[in-house]
1. Can you tell me the order of 103-109, 53-59, 31-37 when each peptide is scored by its average per-residue count of other Cβ atoms within 10 angstrom, highest first?
2. Report the full-extension gain for the segment TYR52 to THR83: residue separation times 0.36 nm, less the Cα-Cα distance, to one decimal in nm.
3. For labels at GLN44 and SER68 in the simple 7 Å Cα→Cβ model, what's the distance in nm?
4. If you stretched the chain out fully between THR34 and HIS102, how much longer would it get, using 0.36 nm times the residue separation minus the C-alpha to C-alpha distance?
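Read-outs: derived from the displayed coordinates by stated rules, not from any lab. These numbers come from a predicted model, not from an experiment. Methodologically, a virtual Cβ is constructed for each residue, glycine included, from the backbone with ideal geometry; neighbour enumeration extends over all protein chains shown.
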Amino acid sequence: MNKKFLVAAAVCGLLSPLTSFANDKVATVYHPQTFQKICQDKSQGDWVEFAYRGIIWNGSCQNQFFSSDQGAMIYGDEPELLTVCRQDPNAKTISIEGRTYHGKCALAFSPPRPQAGNR
């Protein structure tokens, strides 16, 4: 009886760390083509959801800037990506941290963001 208990405890102890790992690769996921495809045939502000890497992503379709520069160091959470398209929907360049990127504004998935003044 004690031997069975010890074996069961050892197995549980070995397997429990495997269930506590989170998918840490989704915090920096930024796929402009995928985000644009999700909002194809949708309108600004439409609510969308999609599955990616085992996670359900919720958000809305927003007009935002996408760089056409290869190897652009854009992570997708820069506020300039949304604000430049609100000010000028036909913008062709954007400046982020002193670097200029070429591209265009397009309707694409955007996760919910806190609004200034909402409490």
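1. Values: 103-109: 20.1, 53-59: 11.7, 31-37: 15.4.
The densest-packed peptide leads the list: 103-109, 31-37, 53-59.
2. On the way: separation 31, 0.36 × 31 = 11.16 nm, distance 2.63 nm.
Length difference between fully extended and current span is 8.5 nm.
3. Computed distance between label sites GLN44 and SER68 equals 2.2 nm.
4. On the way: separation 68, 0.36 × 68 = 24.48 nm, distance 1.92 nm.
Separation in residues times 0.36 nm, less the Cα-Cα distance, equals 22.6 nm.
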